[in-house]
Amino acid sequence: MARTTLAERQVRLEQQRARLQMEENRLREAERKARTRRLIEAGGLVDKAGLLDVDSAVLYGALMQVAAEARNIERVEQWRVVGGRAFDRETKARAAGREPLVLALPSPATAPLQAQLRKAGFRWSKVLRHWEGLAIHDEAAALAAEHGGSIRRVREDDAATAAEAPASAE
């Protein structure tokens, strides 16, 4: 039986250290990606709730109050019910022939046009500078054509990359 030398043991230990360091780096990277995903989802929910245009200090203050109230189990359950109903409404809207659309206009929408767009299921994206929402394609296309705009369907593969690269309006 051959005995290992001290130098061979040191080499093996260095290799083990390197493997452990690589594994630690992989874990850190996975944690960073998971955190980034949660932050993007939270931002999406802020947008979905229509709070993207709210002043940052106001939004932060409101979220601090939510955090303080999150210890109240009854309150959290109320929020869960309200949020669940909102998600259900969206699901039913999709089932009713509505689909995710982006509408771009050549000039800012007038107040009456904004009302029409909101009624059709659109909302203004301050960040992307276009109208987006769940709407019936043919109705939205007619509305866009009437005002010299364009309509674009949001495909499911677009939704996966939406956080990575903003969609351009056609």
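Below is a table of values for the structure above.
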| item | result |
| --- | --- |
| When residues of the stretch 1-39 are limited to those that are in a loop (DSSP other than H, G, I, E, B) and among the aliphatic types (A, V, I, L, M), the one modelled with the lowest pLDDT | Met1 |
| Sole residue being loosely packed, with under 13 Cβ neighbours inside 10 Å and closer than 30 Å to Asp138 by Cα, chosen from Ala68, Ala86, Ala62 | Ala86 |
| Members of the stretch 45-59 found to be part of a loop (DSSP other than H, G, I, E, B) and not β-branched (Val, Ile, Thr), listed by number | Ala49, Gly50, Leu51, Leu52, Asp53, Asp55 |
| Flag if Arg75 is within 24 Å of Arg129 (Cβ to Cβ) and free of Cβ contacts under 8 Å to residues at least 40 places away in the same chain | no |
| Failed item in (1) of a type outside the set (Phe, Trp, Tyr); (2) at pLDDT 90 or above; (3) not in a helix (DSSP H, G or I), with Glu77 passing the rest | (3) |
| Output for the stretch 87-107, where each listed residue is touching a residue at least 24 places away in the same chain (Cβ under 8 Å), in a helix (DSSP H, G or I) and either farther than 17 Å from Ser125 by Cβ or out of contact with any strand residue (DSSP E or B) (no Cβ under 8 Å at 6 or more places or on another chain) (or both) | Ala93, Arg94 |
| Meets criteria (of a type in the set (Gly, Ala, Ser), over 22 Å from Phe122 (Cβ atoms) and in contact with a helix residue (DSSP H, G or I) (Cβ under 8 Å, 6 or more places away or on another chain)) for Ala42 | no |
| Test result for Ala42, loosely packed, with under 10 Cβ neighbours inside 10 Å and part of a helix (DSSP H, G or I) | no |
| Matching residues in the stretch 85-115 - criterion: being closer than 14 Å to His147 by Cα and in contact with a helix residue (DSSP H, G or I) (Cβ under 6 Å, 6 or more places away or on another chain) | Leu103 |
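The values are calculated or read from the model by the stated rules, or taken from the named source; none is laboratory data. Computed from a predicted structure; not experimentally measured. Glycine also receives a Cβ, built like all others from the backbone with ideal geometry; neighbour counts cover every protein chain displayed.
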